[in-house]
Amino acid sequence: MRRRQSEHPEPIRQTLGEIRVRALVGDRRRGQLLVGTAVIPCALGAGGIVGDKREGDGGSPRGRFRLRGGAYRPDHLGIRPRTALPLRATRPDDGWCDDRRHRRYNQPIRLPAPGVSAEAMWRGDGLYDVVIDLDYNRAPIRKGRGSAIFLHVAREGYRPTEGCVALARADLLRLLRRLGPRTHLRIG
């Protein structure tokens, strides 16, 4: 029997309960993601790990966050990544509102959204080829406390993020196989 392209040849292993991120000593903008005994390099926000996150401060928020699910860019990946997390295909008009004055602050939004500050989720640079929502500042949403905090693909050289945690694409795709709705990410 021939497999369809969207079918996965092996089952997803048991998902992880918690993964951790810690900053590197001497460079607060870089970190390590700890998955059991594995250590995976990652990029952090330019402001390092912060306890009092504010919109635009460049910090990665300290805390323990549920992985809400995410999105992938189908034209860059070909097929849906293997994961137990809910994932949907990104569309060209997907955005994320970072405008603290708007009622959709820190939530998905359709673009274009005239007069509203929003981040495009359909990016040409590959950073959001896979993006996982870290459930930061979501229930309740507090205006100005930071938005669009994701786990996503890192820039070359693990250059700092705006506050997200970013991994090499291959590492992120491997990690996704072990993530599920009960997995939490602890930063700090």
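The values are calculated or read from the model by the stated rules, or taken from the named source; none is laboratory data. Only a predicted model underlies this, so the values are computations on that prediction, with no experimental measurement involved. A quick note on method: Cβ atoms are made from the backbone with ideal geometry, for glycine too, and the neighbour counts reach across all protein chains shown. To get the accessible areas, we keep the full protein, side chains included, count just its heavy atoms, and leave off ligands, DNA and RNA. Shrake-Rupley method; radii C 1.70, N 1.55, O 1.52, S 1.80 Å.
Some points to look at:
- Residue count, segment 81-92 (criterion: assigned to a loop (DSSP other than H, G, I, E, B) and buried (at least 16 other Cβ atoms within 10 Å of the Cβ)): 6
- Out of 115, 163, sole residue that is open to solvent by less than 10 Å² (accessible area, probe 1.4 Å) and not in a strand (DSSP E or B): 163
- Entry remark, segment 37-61: residues being of a type outside the set (Val, Ile, Thr), surrounded by fewer than 17 Cβ atoms within 10 Å (Cβ to Cβ) and in contact with a Leu (Cβ under 8 Å, 6 or more places away or on another chain) number 1 in total.
To keep it simple, each residue is scored yes or no on (1) open to solvent by 60 Å² or more (accessible area, probe 1.4 Å); (2) in a loop (DSSP other than H, G, I, E, B); (3) under 18 Å from residue 58 (Cβ atoms); (4) without any contact (Cβ under 8 Å) to a residue 24 or more places away in the chain.
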site	(1), (2), (3), (4)
122	yes, yes, no, no
131	no, no, no, no
148	no, yes, yes, no
151	no, no, yes, no
170	no, no, no, yes
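- Those residues of segment 26-36 which are modelled with pLDDT of 95 or more and open to solvent by 50 Å² or more (accessible area, probe 1.4 Å), in sequence order: 26, 28, 29, 30
- Residue 174 vs. criteria open to solvent by 60 Å² or more (accessible area, probe 1.4 Å), in a helix (DSSP H, G or I), more than 18 Å from residue 57 (Cα to Cα) and out of contact with any helix residue (DSSP H, G or I) (no Cβ under 7 Å at 6 or more places or on another chain): yes
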